[in-house]
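Structure first, commentary second.
The values are calculated or read from the model by the stated rules, or taken from the named source; none is laboratory data. Keep in mind the model is a prediction, meaning the values are calculated, not measured. Cβ: placed from backbone, ideal geometry, glycine included. Neighbour counts: every protein chain shown. Just so you know, the surface numbers come from the protein's heavy atoms only, side chains and all, with ligands and any DNA or RNA stripped out. Shrake-Rupley method; radii C 1.70, N 1.55, O 1.52, S 1.80 Å.
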Amino acid sequence: WQGIPGNTYTLSVQDSGKTYTAISLMPQPVPLDSISFQENQGFSGKNTISVVPYFQDPPGVVNYYQFAEFINDTPLKKIYIMDDRLSDGKYFNLALYDDSIHIYTGDLVTLYMYSIDANVYNYLNQMLQISNNALSLTPANPDTNLGNGALGIFSVHTVVSKQRIFN
């Protein structure tokens, strides 16, 4: 099934006499021009390689992005999100840094860039805050667009991708 950017979609599920409903807006796709690699010195003192996406953020439109990396068809667990609150209309080229990721010569890297709505961004942002500060925050569930006490998130989004071999 393929949605239409700009449309709002509703999910409705009935289970055990309860109805769970969620709404998500499919944003317009944002082209991913290219990807490159950046060498960084990790916290451990070892050099690591980060993927750098290059794309033009559309001016005057609030945008939220999620990135997913694959190395040789293996998905990485790290979730990257960003918004354009401080960079509306600018050209992005920000490294997706994680010193636990190892990219070696000859590896095929695939980067997926999702344009997501505000509810999905807020959910993922809260999930990242909870998981990164697990010992310092009061336990709580992230805000969701699912009703009736359900956990999780309903997302319709656009996706673009690029591949590149690291050499």
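The trypsin sites (Lys or Arg not before Pro) of the stretch 67-167 that DSSP puts in a loop, and whose beta carbon has at most 14 other beta carbons within 10 Å, are LYS77, LYS78, ARG85, LYS90. Shown for the stretch 85-124: the carbon plus sulfur share of the solvent-accessible area, taken with all protein chains present and a 1.4 angstrom probe, equals 51%. Going by accessible surface with a 1.4 Å probe and the largest first, THR10, THR48 read THR10, THR48.
Would you mind checking the pairs LYS90/LYS162; LYS18/LYS78; LYS46/LYS90 and listing those with alpha carbons more than 23 angstrom apart? Could you put the intermediate results ahead of the total?
Working: LYS90/LYS162 20 Å; LYS18/LYS78 34 Å; LYS46/LYS90 32 Å.
Beyond 23 Å between Cα atoms: LYS18/LYS78; LYS46/LYS90.
The solvent-accessible area of MET127, taken with every protein chain present and a 1.4 Å probe, is close to 80 Å².
Contact order for the chain, expressed relative to its length and based on alpha carbon pairs under 8 Å spaced 6+ residues apart, stands at 28 percent. For SER87 and ILE165, what does the FRET efficiency come to when R0 = 30 Å and r is the distance between their Cβ atoms, rounded to the nearest 0.05? Using R0 = 30 Å, I get an efficiency of 0.55. Measuring between their Cα centroids, the stretch 96-167 and the stretch 6-63 lie 7 Å from each other.
Dipole size of the chain about its Cα centre, with +1 on Lys/Arg Cβ and -1 on Asp/Glu Cβ: approximately 140 debye, rounded to the nearest 20.
Pull out the extension gain between SER44 and ASN141, defined as 0.36 nm times the separation in residues minus the alpha carbon to alpha carbon distance; nm, one decimal.
Numbers: separation 97, 0.36 × 97 = 34.92 nm, distance 3.19 nm.
Length difference between fully extended and current span is 31.7 nm.
Approximating the spin labels as points 7 Å out from Cα along Cα→Cβ, the TYR9-to-ILE79 distance works out to 1.8 nm. Against the main long axis of the alpha-carbon atoms of the chain, helix 118-132 sits at an angle near 60°. Helical runs (DSSP H, four residues minimum) scored at -39500 (n - 2.57) apiece and divided by the length of the chain put the mean residue ellipticity at 222 nm at -3000 deg cm²/dmol.
With equal scatterers on the alpha carbons only and no solvent term, can you work out the Debye log10 of I(q)/I(0) for the chain at 0.17, 0.18 1/Å? So the normalised log intensities work out to -1.15, -1.23. Set Lys and Arg Cβ to +1 and Asp and Glu Cβ to -1, take the dipole of the chain about its Cα centre, and tell me which of LEU146, TYR64, PRO31 lies farthest positive. Going by the Cα projections, it comes out as LEU146.
Take the convex hull of the alpha carbons in the stretch 44-117; its mean projected area over all directions comes to 5.7 nm². Surface analysis of the chain yields an accessible area of 60 Å² per residue, using protein heavy atoms and a 1.4 Å probe.
Report the local net charge at MET113: Lys and Arg +1, Asp and Glu -1, summed over other residues whose C-beta lies under 12 Å from its C-beta. Don't jump to the answer; show the numbers that get you there.
Details: positive: LYS162; negative: ASP33, ASP57, GLU69.
Result for the neighbourhood of MET113: -2.
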